Every structure is written in C-alpha cells, then in structure tokens.
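The values are calculated or read from the model by the stated rules, or taken from the named source; none is laboratory data. All values reported here derive from a predicted model rather than from experimental measurement. Neighbour counts run over all protein chains shown; Cβ positions are idealised from the backbone, glycine included.
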Amino acid sequence: MNEDTLILYYYNDGLSDRERRQVETAINTDTAVSAQYEALCRQLNDLSETDAQAVPSHTLQRWHDTIDRAAQQTHIRQQQPPGPFHIFSFAWGAAITAALAIGIGIGVYIAGGDTNTPMIELANVGSSAGNVVPA
Amino acid sequence: MVEILQSPGTPTQADFHEAISNRSDRWLSACLKITRNRDMAEDAVQDALLSAWNKRHQFDNSARLDTWIHRIAINAALQLLRKNRPAAFEPLETDIPDRGDTQESMRAEQELGKSLAAALTHLSEFERLCFVLKHLEQWRLKEIADEFDSNVGAVKQAIFRSVRKLRGRMTGLQGEQA
C-alpha cells in the first residue's frame, strides 16, 4: 500500500471515512500491509521523543518575574478608584450625539418627502381625529 | 504575592508559577523546535506567559493550564518566526533533498543536541514546521495550512517528505549509536 496513505492513517487526518475504512480493511486482512504499517508506527513513534530542554535558572526566574510584574500591575489597576467625571469629554459626546440626531432627523424628513403621503397631511389627519366629538 | 480579585476558575498567580516550575522546559523545547533559535524560543515563552496572564479569564477550566500556555507559546513562536524569517512560511513547489551536514545544521545540532532535534535541522523550514506542528503538536492539517496561508495538499506533501527524510536520518543515527 502507498506509504503516504498509511502516514495519513497514522495521523488520523487527511483521509475520508471511506479511505480510512479501506486502509483498516487492508491492515486487518493483508499481512504485508499490516507489517508495513507496524514498521511505520514504530518509526513514527521513535520520532516522538519528548526531550525537554533544561531551562537556565536565570531564564526561569525571568519568567516567574514576568508573572509577578503582570500580577502587580493587575493589582494596581484594581486598587485605582474610578476615574473623575470629565466635563469636556461629556460636552463633546453630547454635541456629537446632538449633531448625529439632527442629521438623522433631516435625513428622515428628506426621505419622507419622496413618498406619496405628504407629512403635512398625516399631521392633519392626526389632529382632526383627535378632535372628533362623539355623537 | 499580591492579592487579586478574580472570578472562580480563573488561574491564579500561584497556578502560573506552578506551571512555569513544572512545564516550562517542555514549552521551551517546543518553541526551540519551531524557531531553532534559543533567544527567540525564550522570548516566545515569555510573550506567551504574559498573553496567557492577560487572557486568563478566557481560560477554559476543563483544560490544563500548562497545555493552554503550551499552545499559546507555539503560536507566539510562530509569530516571532514569521516576523524574523518570513521565508520559512513559504511552501516549496519541489522537494529539496537533504543537504547533508552543512555548517548551519552542525551549529544547530550543537544547540539542540542529538537525535530528533538534530535530524530536524536537515529539513527545509516549511517541512520542519509542518512536521513539528503535525507530529509533535498534533495540529490538524487544515490548521497548519491556515497558519501558513497554504493548502492541505501542500502541507501533506511537506509532511510526507519530512517523514521520509527523518526516518532515513534517525535510522542512520541509531546505527551510529549501536
């Protein structure tokens, strides 16, 4: 069997369900394929050594310090009282919101002018309906 | 150690220290296999720790903290490598034969030690990264392809080539050791 297919089978990735079943059948029924796959597994497992590099003590200390410093900053942020009320920021925000509201209002008014129902008529209907006196 | 207000399940400062003490050698080894440069690998672990601390509220408590940091460290290593050696992320159209013992590979072997890490120095950058992410880090082919803005087919080919070269190398090394 094609070794590339067996590699993908080993990784359980990159093969369709049908292809996986075909490989599985071949491994279970064909002794040559079974031996080929066993040898491949052995070699790939040998490539899985988990050799850990020793970390020099000064580097290890640097990483511990990184966490301590980050925690310290978090602590300082948590201790700080909420910021004061900024009147200028508020004024700017209010002005921008007002300008936006006026802009939207003008836009709606202009768009309303294109429809077949004039705004003025709608206003009249509303006002007369409110003045109806029951018989 | 400072006292920090946090929601239950969020890893604490002590949890981070414990993970560093127990698992940082694994993070460094993994990053070293990606970057092949000790300074870059150490920086990647440091960046990962800081990033993990800042995002600790996103940590899924059902997972292990050290595994989570490991994954962040790999991403940090890839990010650093992309910045420093962008060519490593370009898949090659054709197979590059093992160049044998070059000056560069011998220097890397000195840094990384013998065996697998040494054998990895004989792969092209793209092959090495694909192999490390697939074989050692168990990423999905699609994830690797996305990381490199490549396609699954190119990643598969790189892995097939790596396995072929590494099997040859490892057999040779085992023969030398026997």
Only one of A:Arg77, A:Arg62 that is within 33 Å of the chain's Cα centre (by Cα), in a helix (DSSP H, G or I) and exposed (fewer than 13 other Cβ atoms within 10 Å of the Cβ): A:Arg77
In region B:22-42, what residues are of a type outside the set (A, V, I, L, M) and farther than 14 Å from B:Glu125 by Cβ? B:Asn22, B:Arg23, B:Ser24, B:Asp25, B:Arg26, B:Trp27, B:Ser29, B:Cys31, B:Arg38, B:Asp39, B:Glu42
Could you tell me how many of the residues in region A:4-28 are within 13 Å of chain B (Cβ to nearest Cβ) and surrounded by 15 or more Cβ atoms within 10 Å (Cβ to Cβ)? 11
What number of residues within region B:16-38 are more than 10 Å from every other protein chain (Cβ to nearest Cβ) and surrounded by fewer than 16 Cβ atoms within 10 Å (Cβ to Cβ)? 2
A:Gln73 passes all but one of the listed conditions (1) under 30 Å from B:Asp39 (Cα atoms); (2) modelled with pLDDT of 90 or more; the exception is number (2)
So for region A:119-127 (the condition being at pLDDT 65 or above and more than 24 Å from B:Ala19 (Cα to Cα)), does at least one residue qualify? no
When you scan region B:55-72, do you find a residue that is more than 7 Å from every other protein chain (Cβ to nearest Cβ), surrounded by 14 or more Cβ atoms within 10 Å (Cβ to Cβ), modelled with pLDDT under 95 and outside any helix (DSSP H, G or I), even just one? yes
Against the condition over 26 Å from B:Met170 (Cβ atoms) and in contact with a helix residue (DSSP H, G or I) (Cβ under 7 Å, 6 or more places away or on another chain), how does A:Ile67 come out, does it pass? yes
Can you find a residue that is among the polar types (S, T, N, Q), at pLDDT below 95 and under 30 Å from B:Lys142 (Cβ atoms) anywhere in region A:1-21? yes
Return yes or no: is B:Leu49 farther than 20 Å from B:Gln138 by Cβ and modelled with pLDDT of 85 or more? yes
